[in-house]
């Protein structure tokens, strides 16, 4: 990274974008870019597992949503810890505290957005389950970034 300058959005010459500019943008906004990439992959894990639970296996939609949430949270913890926030825990106790706080934050967002809002949309308002998953996942990504950045993986 020695030869790569960090680039901000206001510094871009939009008519002459090249790989150096793209790399500079990436390194300047690495955490956000990685969060969106791995958040997108976690969302994909959520959708695929939901489809398998609800449509292939035939489990109730709300239960399937909860199970798919669990799959995506496990995936998200591992990728957020390693690739997004590059968290280093020095002891098993620190690791456990971080893991528990991550899961608690995800439980809050899961109850409010992924399961609660999903159940409300599907059961009360009779909105299509796939459309409801899309809406709730956007909410989840935003809420989870805030929790992860400022509570779980905050730099001391």
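Readers should treat all values here as calculations from the given coordinates under stated rules, not as data from a laboratory. Bear in mind the structure is a predicted one, so any value in this text is a computation, not a measurement. For neighbour counting, all protein chains shown are included, and Cβ atoms are generated from backbone atoms with ideal geometry for every residue, glycine included.
Quote to one decimal, in nm, the extra length available between residue 57 and residue 27 on full extension: 0.36 nm per residue of separation minus the C-alpha distance between them.
Working: separation 30, 0.36 × 30 = 10.80 nm, distance 4.24 nm.
Length gained, residue 57 through residue 27: 6.6 nm.
Of the listed values (i) 150; (ii) 111; (iii) 190, grab the one calculated as volume of the Cα convex hull per residue in Å³ from the structure here.
Step by step, volume of the Cα convex hull per residue in Å³ for this structure corresponds to label (i).
Report the full-extension gain for the segment residue 83 to residue 108: residue separation times 0.36 nm, less the Cα-Cα distance, to one decimal in nm.
On the way: separation 25, 0.36 × 25 = 9.00 nm, distance 2.30 nm.
Full extension of this stretch gives 6.7 nm more.
For the chain, calculate the relative contact order in percent as a whole number, restricting contacts to Cα pairs under 8 Å that are 6 or more residues apart. Provide the component values of the computation, followed by the final result.
Details: 125 pairs, mean separation 30.5, N = 156.
About 20 percent, as a whole number.
Calculate the FRET efficiency for residue 44 and residue 150 from the Cβ-Cβ distance with a Förster distance of 22 Å, rounded to the nearest 0.05.
Calculated transfer efficiency: 0.30.
For a quick check: sort 135, 140 by the number of other beta carbons within 10 angstrom, fewest at the front. Each step should come with its number before you reach the end.
On the way: 135 14, 140 27.
Sorted ascending by nearby Cβ count, the order is 135, 140.
By counting other Cβ atoms within 10 Å of each Cβ, how are 99, 113 ranked from fewest to most? Let's see the in-between values first.
Values: 99 14, 113 21.
Result, fewest neighbours first: 99, 113.
Going by C-beta contacts inside 10 Å, put 154, 55, 106 in order with the fewest on the left. Write out the running numbers ahead of the final one.
Numbers: 154 10, 55 13, 106 24.
Taking fewest neighbouring Cβ atoms as first place, the list is 154, 55, 106.
Between residue 120 and residue 10, what FRET efficiency comes out of the Förster formula 1/(1 + (r/R0)^6) with R0 = 25 Å and r the beta carbon distance, rounded to 0.05?
Details: r = 41 Å, r/R0 = 1.63.
Given R0 = 25 Å and the Cβ-Cβ separation, E is 0.05.
I'd like the FRET efficiency for residue 97 and residue 74, computed as 1/(1 + (r/R0)^6) with the beta carbon distance as r and R0 of 25 Å, rounded to 0.05.
Once the sixth-power term is evaluated, E becomes 0.90.
Using packing as a proxy for protection, rank 144-152, 24-32 so that the peptide with the highest average count of other Cβ atoms within 10 Å comes first. Don't skip to the end; give the middle numbers.
On the way: 144-152: 17.7, 24-32: 16.0.
So the peptides 144-152, 24-32, ranked by packing, come out 144-152, 24-32.
What whole-number distance in Å separates the alpha-carbon centres of the range 118-156 and the range 69-100?
The two parts, judged by their Cα centres, are 19 Å apart.
Enter the angle in degrees (range 0 to 90, nearest 10) between the Cα long axis of helix 129-147 and the first principal axis of the Cα atoms of the chain, meaning the one along which they spread out most.
So the inclination is approximately 50 degrees.
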